[in-house]
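Some notes on the structure that comes next.
Just so it is clear, none of the values below were taken in a lab; they were calculated from the coordinates. Just so we're clear, the structure is a prediction, and the values are computed from it rather than from any experiment. Here the Cβ positions follow ideal geometry from the backbone for every residue, glycine too, while neighbour counts run over all protein chains shown.
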Protein chains: 4
Amino acid sequence: MVKIKAGVLGATGAVGQRFIEGLKNHPWFDLTSVAASERSAGKKYKDAAKWRLESELPADIAEMTVVNVDPKEVDADIVFSALPSDEAKTAEPAFAQAGMAVASNTSSYRMVADVPLLIPECNADHIGMIKVQQEKRGWEGYLTTNPNCTTVMFCLPLKPLMKFGIETVHLASMQAVSGAGYEGVPSMAILGNVIPYIGGEEEKVEMEAQKILGKFDGEKFVDAPFTVSASCHRVPVMDGHTEAVWVTMRENPTPAEVKKAMRDFDAGLKGLPTEPEVPLAVMEEIDRPQPRLDRNKGRGMTVSVGRIRPGVTGVKFICMGHNTVRGAAGASILNAELLHKKGLL
Amino acid sequence: MVKIKAGVLGATGAVGQRFIEGLKNHPWFDLTSVAASERSAGKKYKDAAKWRLESELPADIAEMTVVNVDPKEVDADIVFSALPSDEAKTAEPAFAQAGMAVASNTSSYRMVADVPLLIPECNADHIGMIKVQQEKRGWEGYLTTNPNCTTVMFCLPLKPLMKFGIETVHLASMQAVSGAGYEGVPSMAILGNVIPYIGGEEEKVEMEAQKILGKFDGEKFVDAPFTVSASCHRVPVMDGHTEAVWVTMRENPTPAEVKKAMRDFDAGLKGLPTEPEVPLAVMEEIDRPQPRLDRNKGRGMTVSVGRIRPGVTGVKFICMGHNTVRGAAGASILNAELLHKKGLL
Amino acid sequence: MVKIKAGVLGATGAVGQRFIEGLKNHPWFDLTSVAASERSAGKKYKDAAKWRLESELPADIAEMTVVNVDPKEVDADIVFSALPSDEAKTAEPAFAQAGMAVASNTSSYRMVADVPLLIPECNADHIGMIKVQQEKRGWEGYLTTNPNCTTVMFCLPLKPLMKFGIETVHLASMQAVSGAGYEGVPSMAILGNVIPYIGGEEEKVEMEAQKILGKFDGEKFVDAPFTVSASCHRVPVMDGHTEAVWVTMRENPTPAEVKKAMRDFDAGLKGLPTEPEVPLAVMEEIDRPQPRLDRNKGRGMTVSVGRIRPGVTGVKFICMGHNTVRGAAGASILNAELLHKKGLL
Amino acid sequence: MVKIKAGVLGATGAVGQRFIEGLKNHPWFDLTSVAASERSAGKKYKDAAKWRLESELPADIAEMTVVNVDPKEVDADIVFSALPSDEAKTAEPAFAQAGMAVASNTSSYRMVADVPLLIPECNADHIGMIKVQQEKRGWEGYLTTNPNCTTVMFCLPLKPLMKFGIETVHLASMQAVSGAGYEGVPSMAILGNVIPYIGGEEEKVEMEAQKILGKFDGEKFVDAPFTVSASCHRVPVMDGHTEAVWVTMRENPTPAEVKKAMRDFDAGLKGLPTEPEVPLAVMEEIDRPQPRLDRNKGRGMTVSVGRIRPGVTGVKFICMGHNTVRGAAGASILNAELLHKKGLL
């Protein structure tokens, strides 16, 4: 099989490096282009980026020349975008216009009406919007997005609860520092500390879930009719967002029924290379999931849930997943796998 | 003035050390007796305890001989108890029986019907129960308690909101390791990690607030009619419990009204030596309170509140305080000051 | 091939768990027996031990029944010992007497005259002592040891420098908390802190290197004629011991010559399953090795060296390796592989 | 007494904030001017700087208008400089030329021949160079410096050992993140990690001690005749540099003699307001000093020494002090107090 050519936009940053790691030896995609800011363009990747992952920088990527974030310089069928949101605003449409598929991890277009915001296990049918988008915008390519890293960790466990009639969600997050990028959180800010604020995060978390868990009616997305209230906090953890979630549901299922619904959940995603065997793992241990022990499950793509117990009404539980894999680069790659499987790549 | 003689039960542990620190140079109390387990009894305090606070062990306490946790060996008008809960069960009544006042930081008697669970700013009138308790039990002394360290941080900000008719409280805590005692949390468990479970904590947090914010009708306590649902988590922070709180209220006040109510709150506690000038501090900075920066406010006795904003309905906010001062030893000492002022010591 | 039957003594603790992890799917060894204290004996392993590694507890081991640390109860050709040193003192000889090989990670017998203290890359020929030991003690089995976790990280880089005539070694360690076992370092002791003392560590570090890098003359070990002075410190790192080392050498080689000697170092260990391709990795990056980024190199068996530069006289450098793999369980397993290859198993 | 007018250059950064904290309520100095970069000039201090210390920003400083780093805009008798080293190079001489005393914490002029590098307890007589400097340069004001934060922690304990004839010093530092400034060390770099490199640090540490502990002969400084070899490392500690030090001395004193020399050390500095009662504290506890427990001794101005024991030859010990107080702002302020006492202000 001829592999699909893939580019990474914003390839030198923290999420960009996770894209490179995730595309290494990928059975379907071949990383053919790494693009970054003018400062990096023209340099070898190994000179432009300071590699900061535990896994080694692949030798062939190290020698690749970084190009500008410009459709003319990027040779790819699909580009994965880890661009800052202001740059993404103009750059991502340009790539779609130029005929490429864009799988974006950036927030800029997530809530735009004709752009799918995808978690393959939750709303694979939302890719139906792509045709609408292309017609409306006259693009040969198209633009898809994945959610904020905090959103994905609680949306996946909510999916099997939709049948109970979700009404409200309270969510308190304890987020890893890697979510802010390499320079994002100074050590003097976070060592032995909690920062009870992450700019813009609560707004994203409170809006995205209803779109993801809503319906695509053939023309537009119809929001799921529940409310989310989030309180987002940074803690001294490297990777892995932990979230305490309360869910009230119209049918008021017991914790046992909730647990069964999660355990029985079948996303129907067979054959996607990075889809883990168990995308939603329900744990029985009293003190799990924990970021340090559980974030790498399913090669970072499993969301772990534990402590499902009664809330005020409804239930409360803990969910946790790897924020720069399942919550960022890995999410985009899984989306791209879905697109390929559905014939869109 | 002749000082009141004070003893500390469980004097060698983490909270016991905070008691010693808090009683140093106290204008009303004179630490005359330090009691601990058989292993320590008979030794000089400096040899029995490994002092682990930044402040220095007072020289006179260092040389004091540790006695057994036995009313016959303790010469005191009031004893501060930092005993393990099983030992407290038998020891604390014995001290009350022997005519001493007991100010306990232990959980054993907090929820017992005739035992006041005190936060002086919230329910000073609950000390009326002491007379009932003495009559019922035939004690010359008496037993009072202070709440769990997580409870106090959100009860104090709830107090001025009682007039709005509190209905439900959701609470997610991010708790410091010192709350578990010196050996309580191994570093291998918590470095770069979150542990989403603290044994027995959620139950305590969910029960104590209604008693504290309830009424004393002259004979019994009548619970405040709201529900609390807690999710408790340990984070890699030394001191200071941070809590994300959602409150729904019958009168549905705006965040501005909530903030004003907290700012206007007057606990009416003048003249207690360790009562801070501002027991409940409302912060305006977008990213505060933070444990590392704010835990020592009011010498550790101030609870700081920030980010008061709309919740699903009602409001949500962040509160934070020093768990081993305001949440433990300092709480007991403030209770004792109240008891003295009210003529009970 | 019939696999060699292996047992683990002290199987429930931190190093015991690393033994189980290291023996999983081992091509030569088959874990047939897990032994631990009376408290655990008779229980299933999964009930006796709280598994604390990121990798999952192998399902077959989970169901295995823990036996007592008694040669009669352990069915094995070789036992790997992670026993506390006082228990090891009597238990390890009993296993050797009973005809088993003992590969011990415990300190008890390391410095005993007829017991090899092995780093296969450094002193594989020291296994010649086994015959002497068996004759002297009348054992059918035998006892071998691996060094302290801090010792191995600097002995491996010293080996290729022996030809320059090592005279003195100054060593300052920054050691991970896992070296003290799961309950060894309370979080209240180490969060945001350095503890400049580790009981007994400096003495071990100062004695072991000369034995390891010394000669076996057919009858006894002759110490290498250099002096080591160590200062050992605990830092808030989970895994990975980092060491700053100064070496003075009679021939006073340049940093470039030292680097070349390390790069050219060939341990001559072909075909040992867990021997990494590069046991001693010389890094050029100015700020490496770092524990978080480099400890898992060679599946935890590579020692990384960097910053080779001039010292007062001689050179100084940084070395780092995984303390519970290369410095503990992995070291014993590599020793066992050597023993098997040399026909001693 | 009319107070001496003091300005702070680089007032908004981490060390600048420590200067403001240290000058608050100072009996001799009155903070009259805060200067910072163009970006801040013209703003109120509270708007220009994000205050990040636990102590509160003094209310009067909060309202002060920040001026440019320009002698014409700064009204002061002495300026404390926390400027970046490249800016300091031109700015500091300009202030000296304009008639002000400059007490600089910056590295730019430390090793310049006619500039005193002061630790008052070590080389108060080096201020004799000021007159030489003024004559040579034609300045009305003058320029003094304090050492690198790592240098001061080991120079103070070396001072009483000079009489034994110091020959060589090996030093491994474990440095706090605050030494790099607020944005200096990203949390992703240091959480659970050690970085075995700090740019330029080892060079500074290896040069400064000989100047400080050398002699002033009336015209020039004569270096003390010993060699220092340093290995500098960053650890996840907020404040407090810990150092492992080996010292060889011609007279080869015992650890007991070394300890006695340190205990008997009298710096002869009576009456300086921030000089602690014990500038050099010798600790007996086996595991001290520790940064979290000991850094605030003497209000951050005490250097603590422990574990004095035999080295290869000579002795080894641990020393530790607060890097942004004794190692930065507090050092400059103590220098200024010395200058005032000696009639130079």
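Among the listed pairs A:K159/B:K211; D:K215/D:K341; B:K3/B:K72, which have their C-alpha atoms separated by more than 29 angstrom in this model? Intermediate values should be presented prior to the final figure.
Values: A:K159/B:K211 38 Å; D:K215/D:K341 21 Å; B:K3/B:K72 21 Å.
Beyond 29 Å between Cα atoms: A:K159/B:K211.
If you fit an axis through the alpha-carbon atoms of helix D:330-341 and take the longest principal axis of the Cα set of chain D, what angle between them do you get, 0 to 90°, nearest 10?
Result, in degrees: 80.
Over the Cα atoms of segment B:104-167, what is the Rg over Rh ratio if Rh follows Kirkwood? Can you show the working numbers first?
Details: Rg = 13.1 Å, Rh = 12.8 Å.
In segment B:104-167, Rg relative to Rh is 1.02.
Along the charge dipole of chain D, which of D:I318, D:L191, D:A331 sits closest to the positive end, that is, farthest toward it, with unit charges on the beta carbon of Lys, Arg, Asp and Glu (+1, +1, -1, -1)?
Value: D:I318.
Note the angle between two axes, namely the Cα long axis of helix B:149-158 and the longest principal axis of the Cα atoms of chain B, as a number of degrees from 0 to 90, rounded to the nearest 10.
40
Please pull out the direction-averaged projected area of the protein assembly as shown, using the convex hull of its alpha-carbon atoms, in nm² to one decimal place. Can you show the working numbers first?
Numbers: hull surface 217.6 nm².
Averaged projected area of the protein assembly as shown's Cα convex hull equals 54.4 nm².
In percent, what relative contact order does segment D:149-322 have, based on Cα pairs under 8 Å that are 6 or more apart in sequence?
Working: 360 pairs, mean separation 48.8, N = 174.
Once normalised by length, the contact order is 28 percent.
Loop only per DSSP, at most 16 neighbouring Cβ atoms within 10 Å: give me the trypsin sites (Lys or Arg not before Pro) in segment D:213-314, ordered by residue number.
Working: sites: D:K215, D:K220, D:R234, D:R250, D:K259, D:K260, D:R263, D:K270, D:R292, D:R295, D:K297, D:R299, D:R307; in loops: D:K220, D:R250, D:K270, D:R295.
Passing sites in segment D:213-314 are D:K220, D:R250, D:K270.
Between the helical axis of D:14-23 and the dominant principal axis of chain D, each derived from Cα atoms, what acute angle in degrees is found, rounded to the nearest 10?
The helix D:14-23 is inclined about 80 degrees to chain D.
Rounded to the nearest 20 Debye, what is the dipole magnitude of the protein assembly as shown about its Cα centre when Lys and Arg each give +1 and Asp and Glu each give -1 at the C-beta?
Values: 156 positive and 172 negative charges, 0 e Å.
For this selection, approximately 0 debye.
Among B:M153, B:L171, B:N252, whose Cα sits farthest toward the positive end of the charge dipole of segment B:149-322 (+1 at Cβ of Lys/Arg, -1 at Cβ of Asp/Glu, about the Cα centre)?
The residue sitting most towards the positive pole is B:N252.
Could you go through segment C:72-89 in sequence order and give the Karplus-derived ³J(HN,Hα) for each residue, using 6.51 cos²θ - 1.76 cosθ + 1.60 with θ = phi - 60°, rounded to whole Hz, and x for Gly and Pro?
These are the phi-based 3J(HN,Hα) values: 6, 9, 9, 9, 7, 8, 9, 10, 9, 10, 10, 6, x, 5, 6, 5, 4, 3 Hz.
Read phi for every residue in segment D:2-11 and hand back ³J(HN,Hα) as whole Hz from Karplus 6.51 cos²θ - 1.76 cosθ + 1.60, θ = phi - 60°, with x for Gly and Pro.
Values, residue by residue: 6, 6, 7, 7, 10, x, 10, 9, x, 6 Hz.
Using only DSSP helix segments of four residues or longer, with each worth -39500 (n - 2.57), what per-residue ellipticity at 222 nm results for the protein assembly as shown after dividing by its residue count and rounding to 500? Each step should come with its number before you reach the end.
Values: 48 runs with 387 residues, N = 1380.
Rounded to the nearest 500, the figure is -7500 deg cm²/dmol.
How big is the charge dipole of segment A:149-322 about its Cα centre, in debye rounded to the nearest 20, if each Lys and Arg gets +1 on its Cβ and each Asp and Glu gets -1 on its Cβ? Kindly include the intermediate steps, with their values, before the conclusion.
Numbers: 20 positive and 22 negative charges, 74 e Å.
Dipole size: approximately 360 debye.
Please state the relative contact order of chain D as a whole percent: Cα pairs under 8 Å, 6+ residues apart?
Working: 809 pairs, mean separation 59.8, N = 345.
RCO, chain D: 17 percent.
Taking 8 Å as the Cα distance limit and 6 or more residues as the minimum spacing, I'd like the relative contact order of segment A:190-278 as a percentage. Please list the in-between numbers first.
Values: 61 pairs, mean separation 25.3, N = 89.
Reported relative contact order: 28 percent.
Work out, step by step, the length gained on full extension between C:V278 and C:R39: first 0.36 nm times the residue separation, then minus their alpha carbon distance; give nm to one decimal.
Details: separation 239, 0.36 × 239 = 86.04 nm, distance 4.12 nm.
Computed gain between C:V278 and C:R39 is 81.9 nm.
Under a 5 Å amide H to amide H cut-off, with H placed in plane at 1.01 Å, what residues pair with B:L213 once short-range neighbours are removed?
HN-HN under 5 Å from B:L213: B:A224.
Using Stokes-Einstein with the Kirkwood hydrodynamic radius over Cα pairs, what translational diffusion coefficient do you get for segment C:1-95 at 10 °C and a viscosity of 1.306 mPa s, in µm²/s rounded to a whole number? All intermediate terms of the calculation are to be shown ahead of the outcome.
On the way: Rh = 13.1 Å.
Answer from the Stokes-Einstein relation: 121 µm²/s.
I need the Kirkwood Rh of segment A:149-322: take the reciprocal of the average 1/r across all distinct C-alpha pairs and report it in angstrom.
On the way: mean 1/r = 0.0600 Å⁻¹.
Averaging 1/r across every pair of different Cα atoms and inverting gives 16.7 Å.
Let me know the charge dipole size of segment D:245-345 about its Cα centre in debye, to the nearest 20, where only the beta-carbon of Lys, Arg (+1) and Asp, Glu (-1) is charged. Mind dumping the intermediate values first?
On the way: 16 positive and 11 negative charges, 34 e Å.
Dipole magnitude for segment D:245-345 comes out near 160 debye.
Taking only Cα atoms and a 10 Å spring cutoff, compute GNM fluctuations for chain C and point out the largest among C:A329, C:A224, C:A103.
C:A224
Can you list, largest first and rounded to whole Å, the semi-axes you get for chain B by taking the square root of 5 times each eigenvalue of its Cα gyration tensor? Please report the intermediate quantities before stating the final value.
On the way: eigenvalues 201, 110, 63 Å².
Value: 32, 23, 18 Å, ordered largest first.
Highest GNM mean-square fluctuation, chain B, Cα pairs closer than 10 Å: which of B:G300, B:G138, B:G314?
B:G138
Specify, per residue and in Å³, the volume enclosed by the convex hull of the alpha carbon atoms belonging to segment D:59-183.
On the way: hull volume 19.5 nm³, N = 125.
For segment D:59-183, the hull spanned by Cα atoms encloses 156 Å³ per residue.
Roughly how many Å is it from the Cα centre of segment B:261-278 to that of segment A:8-81, as a whole number?
So the two Cα centres are separated by 58 Å.
Calculate one ³J(HN,Hα) per residue across segment A:290-296 by plugging θ = phi - 60° into the Karplus curve 6.51 cos²θ - 1.76 cosθ + 1.60, and present them in order as whole Hz with x for glycine and proline.
3J(HN,Hα) across segment A:290-296, in whole Hz: 10, x, 5, 8, 10, 5, 8.
Please identify the GluC sites (Glu not before Pro) of segment A:1-75 that satisfy two criteria: DSSP loop assignment and at most 16 other Cβ atoms within 10 Å. Which are they? List each step's numbers first, then the result.
Values: sites: A:E21, A:E38, A:E54, A:E56, A:E63, A:E73; in loops: A:E38, A:E54, A:E56, A:E73.
For GluC sites (Glu not before Pro) across segment A:1-75 that sit outside H, G, I, E and B with at most 16 neighbouring Cβ atoms in 10 Å, the list reads A:E38, A:E54, A:E56, A:E73.
Give the aspartates and glutamates whose C-alpha is closer than 17 Å to that of D:K316, dropping any in the same chain fewer than 8 places away, or say none.
Filter leaves C:E201, C:E202, C:E203, C:E206, C:E243, D:E167, D:E243, D:E251, D:E257, D:E284, D:E285, D:D287.
Would you mind estimating how fast segment B:255-309 diffuses translationally, via Stokes-Einstein at 10 °C and 1.306 mPa s with the Kirkwood radius over Cα pairs, in µm²/s?
133
Scan segment C:162-271 for GluC sites (Glu not before Pro) in coil per DSSP, keeping those whose Cβ has at most 13 other Cβ atoms within 10 Å, and list them by number.
Values: sites: C:E167, C:E183, C:E201, C:E202, C:E203, C:E206, C:E208, C:E219, C:E243, C:E251, C:E257; in loops: C:E183, C:E219, C:E251.
For GluC sites (Glu not before Pro) across segment C:162-271 that sit outside H, G, I, E and B with at most 13 neighbouring Cβ atoms in 10 Å, the list reads C:E183, C:E219, C:E251.
I'm a student and want to see the number: the projected area of the Cα convex hull of segment C:281-345, averaged over all directions, in nm². It would help to have the intermediate numbers written out before the result.
Working: hull surface 22.9 nm².
Directional mean of the projected Cα hull area for segment C:281-345 stands at 5.7 nm².
As I understand it, the dipole of chain A uses +1 on the Cβ of Lys and Arg and -1 on the Cβ of Asp and Glu, about the Cα centre. Which of A:G99, A:N25, A:T12 lies farthest toward its positive end?
Checking the options against the dipole of chain A, the answer is A:N25.
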